[in-house]
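Let me give you the structure first, and then I'll get to my questions.
Taken together, the values in this text are just the output of simple stated rules run on the coordinates, not laboratory data. From a predicted model like this one, the values you see are computed outputs, not experimental measurements. Counting neighbours? That spans all protein chains shown, and the Cβs are built from the backbone with ideal geometry, glycine included.
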Amino acid sequence: MASERPTSSDRSAPGEPVPDGEVLVQIARMEMPFGRYQGRRLIDLPEPYLVWFRNRGFPKGRLGMLLATLYEIKANGLEPLLDGLRDPSDPRYSSRDPRGFREGDR
């Protein structure tokens, strides 16, 4: 008898939303299509901009859902969830200090 692996729907309670990993990937890869931060990846939008959207209303459709999800992630301090999805070549997120000499080094 072959063992069956439980699916995400098997682990959640009835009526509880099932996490969708594809949403996190889209947040990391999609660029903001309009506004002040047009062309910037959603993952890099500043939290105050997301708060502004929350107060004014998120756009309709998939973009609004992604922005609302990103707002919840940032507002609740869950940004480490997104660290593995960032572009590894982006120097802003390098774990290595780009400076050759730091204060206190001898």
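If each residue's Cβ is checked for other Cβ atoms within 10 Å, how do Asp44, Asp87 rank with the fewest at the top? Write down the numbers at each step before the final one.
Values: Asp44 16, Asp87 13.
Ascending Cβ contact count within 10 Å gives the list Asp87, Asp44.
Using the alpha carbon gyration tensor of the stretch 19-86, what are the three equivalent-ellipsoid semi-axes (square root of 5 times each eigenvalue), largest first, in whole Å?
Its equivalent ellipsoid spans semi-axes of 17, 13, 12 Å.
For Arg41, enumerate residues with amide H under 5 Å from its amide H, sequence gap 5+ or separate chain, H modeled in the peptide plane.
HN-HN under 5 Å from Arg41: Met32.
Apply the Karplus parameterisation 6.51 cos²θ - 1.76 cosθ + 1.60, with θ equal to phi minus 60°, to every residue of the stretch 68-75 and state each ³J(HN,Hα) to the nearest whole Hz, in sequence, with x for glycine and proline.
Per residue, the Karplus-derived 3J(HN,Hα) values read 5, 5, 5, 4, 4, 4, 6, 5 Hz.
Applying a 10 Å radius around every beta-carbon, put 63-73, 32-42 in order of their mean neighbour count, most first.
63-73, 32-42
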